[in-house]
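The values are calculated or read from the model by the stated rules, or taken from the named source; none is laboratory data. Given the structure is predicted, the values throughout are model-derived calculations rather than measurements. Cβ placement follows ideal geometry from the backbone for every residue including glycine, while neighbour counts extend to all protein chains displayed. Protein only, heavy atoms only, side chains kept; ligands, DNA and RNA dropped before computing areas. Shrake-Rupley method; radii C 1.70, N 1.55, O 1.52, S 1.80 Å.
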Amino acid sequence: MPDAVEKLAPGGAYLAGGTNLVDHLRMGIREVDQLVDITRLDLADISELPDGSLRVGALVKNSRMAAHPLIRQRYPMLAEAILAGASPQIRNMATTGGNLLQRTRCVYFYDQTTPCNKREPGTGCAAIAGFGKYNALFGASEYCVTVHPSDMCVPLAALDAVVVAEGPEGERRIPFAEFHRLPGDYSAPRHQPAPR
């Protein structure tokens, strides 16, 4: 894992399942200077820890997590949420890490004819006055009313999960309830720290 952290240059992105990132690249919503393939990292296991909790690797496919006997037995709401979300084809490609780190977006994010502060900061938010079926009820701002599209975020927050992240400064443990930020006036992906 430290090797993958060192290889990622500014403006780069990690690629595993690619179900969200590849769409954004194709549509011109996102550009990257470098893609680092992480599919061979040893992060595709679900293992039981001595305290009885489970460690789920970032590369575990969503379909595998939903079908895992310990997930189904101990955390059925997590399995049900995954199965209720994406199609089987997406679940077979999508990874846990990608699901948690996908861009927060609404239907207007993909429509490049409408303003979107998530896509182009400062252009406005078409969702505020537009179609609002999937907009935030709580935690919205005058800049953005979208919610995170992850299938598993709500159950993981309810289960008090902890995200273990590795970066240039080493490993961090992040309580899941603190992993994503509210929109506020900053439009970057919500799992990235706001500028200071």
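Summary table below
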| item | result |
| --- | --- |
| Gyration tensor (alpha-carbon) shape descriptor, segment 1-105, a/c threshold 1.5 | oblate |
| Accessible surface of segment 1-158, 1.4 Å probe, proportion on carbon and sulfur as whole % | 56 |
| Vicinal HN-Hα couplings computed from phi for segment 58-74 (Karplus, 6.51 cos²θ - 1.76 cosθ + 1.60; Hz; Gly/Pro x) | 4, 9, 5, 5, 4, 5, 5, 5, 5, 8, 5, x, 6, 5, 5, 6, 8 |
| Choice from GLY17, GLY52, GLY97 with maximal GNM fluctuation in the chain (Cα, 10 Å cutoff) | GLY52 |
| 222 nm mean residue ellipticity, helices alone, for the chain (DSSP H n ≥ 4; -39,500 (n - 2.57); rounded to 500) | -6500 deg cm²/dmol |
| The chain: relative contact order in percent, alpha carbon pairs under 8 Å with at least 6 residues between | 17 |
| Net charge of Cβ neighbours under 13 Å - reference GLU6; Lys, Arg +1; Asp, Glu -1 | -2 |
| Overall Cα dimensions of segment 116-168, principal axis frame, Å, largest first | 36, 30, 16 |
| Volume of the Cα convex hull of segment 80-173, divided per residue and given in Å³ | 153 |
| Share of pairwise Cα separations in the chain, more than 19 Å, in percent | 63 |
| DSSP-assigned coil residues among GluC sites (Glu not before Pro) in segment 1-65, each with at most 12 further Cβ atoms within 10 Å | GLU31 |
